[in-house]
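Taking it in order: structure first as structure tokens, then the write-up.
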Amino acid sequence: MFRYLPERASDFAHEVDWVNNIITDISVFFTVAIVGAMIYFAVKYRKKGAVDHETPQILGSHTLEVLWTVVPTLICIYIAYWGTAIYNKMVDVPKGAHEINVWGEQWLWRFEYANGKKTVNEFYTPVDEPVRLIINSKDVLHSFFIPSMRVKKDAVPGQYTSLWFRPIKTGTYQAYCTEYCGTQHSAMLAKVHVVSKEEYSRWLNDRSAEEKLARMSPAELGEKLFNENGCTQCHSIDGSRKVGPSMLNLFGKEEELVGGKKVKVDEAYLQKAILNPNAEVVLGYAPVMPPFEEKLTSEQVGQLIAYIKTVKGEAAVVPAAASAEDLAKLSPADRGKKLYEQKACVGCHSLDGSKVVGPSFKGLYGRSGKLQNGATYTADDAYIKSSILAPASQVVEGYPPAMPAYEGQLNDDEIASIIEFIKTLK
Ligand code: CUA
């Protein structure tokens, strides 16, 4: 009864399940017996025909008292014995277990093998051989959980923990982070590949990915970094305008900064702009870029700069901004749509419900929810208007306070058009 446990893929999975099932069965048996007796007696001895019956005097029974003390005690000892015996097995690492270092960090798992091979969000291990995972965390508390192996261990910053298991069949199994660790906690997953010994040693000694990486030029590595660090969300490479300046022909260009100062885009400027972007913001852009000071090494910054130098060429054809006259002819909702595209709202707010930097506009009108400061909001005309003009004062829970204020950049008419446009996105 009640056998809902996942696939068993390690040698102690059977034993863990056995104890777990026995506890479940005993619990279900006693729950049914006790609640059943309760219901039965309640019905049988209910007050009938408005007549009070005198309760008979019953004296205690020593046989029953002994029975219902001794039997549950024996059951508890039995469960504790097997629980302890199996737990001891789970913490007693066999000699010669393969060791893999595991680091949890917001929000991914890194694995490193003794020969230096590294992987992210997946690892390989040979079938029928014990493997020991040595677990640590780079930031907050995580927990590494492989349900099919029946193992789970916390990843604690500044402290090593470990677990081991012996996979009994090949296949790919899911591992989870099972300690709430921030917004992307549910995406913090990893794959466990259990393969044959031959395949494992082939995989472990195949260093072609690293060799390929080692042969890459700084500019190629920079391109990889550019794509992997989310830069593409805000910076185009084809000259089109997004939240931040395009990288196209950027190197060597002269830019005007907020405050009127002019700078030439060279290595020194780019380094500053990456590490501490809001110190010098290019005119016409909002100071919304997160600093990369602690996220990139100086070598990586150099690679990014090398890449940016290579982004040259003709600008993609960008649709010309509609003239004021054309805009006046459109319906308010269409005018709002044009403004949505021209004022760079498009960089951070999707129209299809997906989460980019800010909340999606789809279904926004009339939505209500919580703000970062604990207050609640309902997205009516007044709320949307003040969110456009002074967004920092009412940031929706779960989003960064990244939106620039549009105070002075949009008039009442334009804001009304944008609200009309939002209303059409159901
Ligand atoms: Cu890491 Cu949840």
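Answer yes or no as to whether Gly116 is of a type outside the set (Val, Ile, Thr), within 16 Å of the ligand (Cβ to nearest atom) and on the phi > 0 side of the Ramachandran plot.
Spelling it out, it is not the case that Gly116 is of a type outside the set (Val, Ile, Thr), within 16 Å of the ligand (Cβ to nearest atom) and on the phi > 0 side of the Ramachandran plot.
Looking at (1) modelled with pLDDT under 80; (2) assigned to a loop (DSSP other than H, G, I, E, B); (3) surrounded by 12 or more Cβ atoms within 10 Å (Cβ to Cβ), which one does Ser393 not meet, given that it meets all the others?
(2) is the only condition that Ser393 fails.
Is the range 153-165 home to any residue that is more than 10 Å from the ligand (Cβ to nearest atom), at pLDDT below 95 and more than 22 Å from Tyr87 (Cα to Cα)?
Scanning the range 153-165 turns up at least one residue that is more than 10 Å from the ligand (Cβ to nearest atom), at pLDDT below 95 and more than 22 Å from Tyr87 (Cα to Cα).
Assigned to a loop (DSSP other than H, G, I, E, B) and either free of Cβ contacts under 8 Å to residues at least 40 places away in the same chain or surrounded by 14 or more Cβ atoms within 10 Å (Cβ to Cβ) (or both): does that describe Tyr406?
Here the answer is yes, as Tyr406 does meet what is asked.
May I ask you to verify whether Ala375 is under 27 Å from the mean Cα position of the chain (by Cα), at pLDDT 85 or above and more than 22 Å from Cys234 (Cα to Cα)?
Answer is no for this residue.
Being farther than 21 Å from Asn20 by Cα and near the ligand (Cβ under 10 Å from one of its atoms) is the filter here; which residues of the range 166-182 pass it?
Cys177, Glu179, Tyr180, Cys181, Gly182
Residue by residue through the range 5-50, note down the ones that are aromatic (Phe, Trp, Tyr) and more than 27 Å from Val131 (Cβ to Cβ).
Within the range 5-50, Phe29, Phe30, Tyr40, Phe41, Tyr45 qualify.
Got at least one residue in the range 290-301 being in a helix (DSSP H, G or I), surrounded by fewer than 17 Cβ atoms within 10 Å (Cβ to Cβ) and not polar (S, T, N, Q)?
Yes, the range 290-301 has at least one match.
So, in the range 133-152, how many residues would count as being over 21 Å from Gly83 (Cα atoms) and away from the ligand (no atom under 16 Å from the Cβ)?
1
So that you can scan it fast, the table gives a plain yes or no per residue for (1) assigned to a loop (DSSP other than H, G, I, E, B); (2) on the phi > 0 side of the Ramachandran plot; (3) at pLDDT 75 or above:
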| site | (1), (2), (3) |
| --- | --- |
| Val317 | yes, no, no |
| Asp326 | no, no, no |
| Asp334 | no, no, yes |
| Tyr340 | no, no, yes |
| Ser350 | yes, no, yes |
| Val356 | yes, no, no |
| Pro359 | yes, no, yes |
| Gly363 | yes, yes, yes |
| Ile384 | no, no, yes |
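Scanning for something part of a helix (DSSP H, G or I) and under 25 Å from Arg150 (Cα atoms), does the range 44-67 turn up at least one residue?
Scanning the range 44-67 turns up no residue that is part of a helix (DSSP H, G or I) and under 25 Å from Arg150 (Cα atoms).
The values are calculated or read from the model by the stated rules, or taken from the named source; none is laboratory data. It should be emphasised that the depicted structure is a prediction, and the values quoted were computed from it without experimental measurement. Positions of Cβ are generated from backbone atoms using ideal geometry, with glycine treated the same way; all protein chains shown enter the neighbour counts.
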